[in-house]
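The values are calculated or read from the model by the stated rules, or taken from the named source; none is laboratory data. Bear in mind the structure is a predicted one, so any value in this text is a computation, not a measurement. Here the Cβ positions follow ideal geometry from the backbone for every residue, glycine too, while neighbour counts run over all protein chains shown.
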Amino acid sequence: MEKRKIGRSELEVVPLALGGNVFGWTIDEAASFRILDAFVAAGLDFIDTADVYSRWAAGNQGGESETILGRWLRQSGKRDQIVLATKVGMDMGDGKKGLSKAYILRAVEDSLKRLQTDRIDLYQTHKDEDPGTPQQETLEAYDHLIKQGKVRVIGASNFTAARLAEALKIAAEHGLPRYECLQPHYNLVERAGYEAELEPLCRRENIGVIPYYSLASGFLTGKYRSEADLSKSAARSGNVKKYLNDRGFRVVKALDEVAAALNAKPASVALAWLIARPGITAPIASATSVEQLDDLIQAVDLKLDAGAIRKLDEAGA
């Protein structure tokens, strides 16, 4: 399988990341282990999670996903086969949040303990939401962790182009590590936010891009074709309803047509479109069953010709 570098770093990944947000939320530990086993067995290697996953679910406190992933890493012995990504900064309760140096140095220890590992390959600022902390201080924290060997590479998530450019400038001026990748909200029906300003910046600066919500909360699988279909997934329905319009249905129709021509699933085609986009390192997608995972994995080897890409581009324009 082809591998791609994450920005200018030494990290290389197969161009599809498994989203860990569902571990301990919509699937339990046993189902999570089955998916992780199948993911690695298929030759893939990039797993993305966050300390806050899945604090929003009833009865959870945050850290559930990292904990399940850590147990799997210990039991499977496959830590060295994985490029492991997690995030920091979101509210974990009891005042535990933010991007100050003191907080990051505490939070990373909590993540390492849950993940049962001595290093995080890609450590990401989850959201640019700490106006009281200068970006230089945050980068100094990461510099400290990289020098300790606890973190290999850093990334940013949910940044504007202006703030990412500022972080890159600070890193260059002060000899600090730079964000080597960006995690934006980007897919066939969510394009403007990334393509307008972030895409040119990332391509110019060789920043890797690992989009989240790559399947638009399941809408791009073709599962939701009317409001009646929203009952299929209560956890996702609120995110999907906004796509049930002429443009959304136009995209689904184009996905259906390309998928039929390639004997593939719409989900595979939607991910293959992202993988084919210049500057994209690896889209992130999650699965709640091994069957769903198979559709995601097929995207890695699915080659879209110019006509298919044009059809999808025009539908989602």
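Residues are listed down the side, and each one gets a yes or a no for (1) closer than 15 Å to Y123 by Cβ; (2) touching a Leu at 6+ places or on another chain (Cβ under 7 Å):
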site: E2; (1), (2): no, no
site: L11; (1), (2): yes, yes
site: A30; (1), (2): no, no
site: L44; (1), (2): no, yes
site: E66; (1), (2): yes, yes
site: K87; (1), (2): yes, no
site: D91; (1), (2): no, no
site: D94; (1), (2): no, no
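Checking the stated criteria, I154 turns out not to satisfy the condition of being buried (at least 19 other Cβ atoms within 10 Å of the Cβ), touching an Asp or Glu at 6+ places or on another chain (Cβ under 7 Å) and touching a residue at least 40 places away in the same chain (Cβ under 8 Å). Is it true that some residue in segment 105-112 is within 16 Å of D143 (Cα to Cα), within 22 Å of the chain's Cα centre (by Cα) and crowded, with 22+ Cβ neighbours inside 10 Å? Checking segment 105-112: at least one residue is within 16 Å of D143 (Cα to Cα), within 22 Å of the chain's Cα centre (by Cα) and crowded, with 22+ Cβ neighbours inside 10 Å.
Looking only at residues in segment 207-241 that are modelled with pLDDT of 80 or more and polar (S, T, N, Q), the one that is nearest to L16 (Cα to Cα) is S214. Residues of segment 220-235 that are touching a Lys or Arg at 6+ places or on another chain (Cβ under 9 Å) and either assigned to a loop (DSSP other than H, G, I, E, B) or of a type in the set (G, A, S) (or both): G222, K223, Y224, S233. Among the residues here, D121 does not qualify as buried (at least 18 other Cβ atoms within 10 Å of the Cβ), assigned to a loop (DSSP other than H, G, I, E, B) and within 19 Å of the chain's Cα centre (by Cα). For segment 147-168, the criterion of being outside any strand (DSSP E or B), at pLDDT 95 or above and within 30 Å of S289 (Cα to Cα) is met by at least one residue. Of S9, S32, S76, all but one fail to be more than 30 Å from N206 (Cβ to Cβ), among the hydroxyl-bearing types (S, T, Y), surrounded by fewer than 21 Cβ atoms within 10 Å (Cβ to Cβ) and modelled with pLDDT of 95 or more; the exception is S76. Screening L44 on (1) modelled with pLDDT under 95; (2) within 19 Å of the chain's Cα centre (by Cα); (3) among the aliphatic types (A, V, I, L, M) shows it passes everything except condition (1).
Please go through segment 171-193 and give me each residue that is over 30 Å from A254 (Cβ atoms) and touching a Ser or Thr at 6+ places or on another chain (Cβ under 6 Å), ordered by number.
E180
Just one of the listed residues (R4, R74) is in contact with a Pro (Cβ under 7 Å, 6 or more places away or on another chain) and either charged (D, E, K, R) or free of Cβ contacts under 8 Å to residues at least 60 places away in the same chain (or both), namely R4.
To keep it simple, each residue is scored yes or no on (1) under 19 Å from T49 (Cα atoms); (2) touching a Gly at 6+ places or on another chain (Cβ under 8 Å).
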{"site": "E109", "(1), (2)": "yes, no"}
{"site": "D118", "(1), (2)": "yes, yes"}
{"site": "D128", "(1), (2)": "yes, no"}
{"site": "G132", "(1), (2)": "no, yes"}
{"site": "A141", "(1), (2)": "no, no"}
{"site": "A156", "(1), (2)": "yes, no"}
{"site": "T160", "(1), (2)": "no, no"}
